[in-house]
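Note sheet for the following structure.
The values are calculated or read from the model by the stated rules, or taken from the named source; none is laboratory data. These figures come from a predicted structure and were not determined experimentally. Reconstructed Cβ throughout: ideal geometry from the backbone, glycine too, with neighbour counts over all protein chains shown. Accessible surface areas use protein heavy atoms only, side chains included; no ligands, DNA or RNA. Shrake-Rupley method; radii C 1.70, N 1.55, O 1.52, S 1.80 Å.
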Amino acid sequence: MLFRSIVDLEKASEFNVGRIDELEKLCTSLQDSVLSVKVVDLEGRSRHNNLCVVGLAEVVEAGSRPTDFFAKLLKDAMGSDVLDSDPQLDRAHRSLVPVPGPGQRPRPVIICCHSFKTKDLILREARMRGNLSHKGHPFRVYEDYAPDVAKHRADYRDR
């Protein structure tokens, strides 16, 4: 392309600067979206062996090691025909939200099973039975999803 005057050069450079700014914005937005997808994926992988137990009173596990207590609770709730021994749990703790006041819903319990097979067995049996109970109080067991994944699943379910 042959430029005839400085005016033509200035016009061409202004056009290119505008396109470069647009391309930089596009690259930044793509980088942010790819990064957020990767973060959600990593969080999902870190929760791969987790279960979420909802409905147990706040102080039910007080005074004992939570992993031992919840292993025994799951074995008792499922029965010896499903779990012949206490399942091996790596971690068990209440959700990291503020302690609820009187009359409020108790915090969920997050349980990390040592093996995926154990987690899948417990989850499958809990889905078949619906409500499980501990000392007459019902509780439910769900898969522990990352917040973004849970939101997408809820949006899909509502359609």
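Tabulated results
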read-out: Qualifying residues in the stretch 90-135 (those that are of a type in the set (A, V, I, L, M) and assigned to a helix (DSSP H, G or I)) - the one nearest to the chain's Cα centre (by Cα); value: LEU123
read-out: Cross-chain or 6+ apart pairs with Cβ under 6 Å, the stretch 113-136 first and under 11 Å from ALA77 (Cα atoms), then at pLDDT 90 or above and open to solvent by 40 Å² or more (accessible area, probe 1.4 Å); value: ASN131/PRO138
read-out: Options SER85, SER95: the member that is modelled with pLDDT of 85 or more, of a type in the set (Ser, Thr, Tyr) and over 21 Å from TYR145 (Cα atoms); value: SER85
read-out: Number of the exception - ASP68 against (1) farther than 24 Å from ARG153 by Cβ; (2) open to solvent by 50 Å² or more (accessible area, probe 1.4 Å); (3) touching a Ser or Thr at 6+ places or on another chain (Cβ under 7 Å); value: (3)
read-out: Selection from the stretch 15-56 of residues that are in a loop (DSSP other than H, G, I, E, B) and either more than 19 Å from TYR142 (Cα to Cα) or open to solvent by 60 Å² or more (accessible area, probe 1.4 Å) (or both); value: HIS48
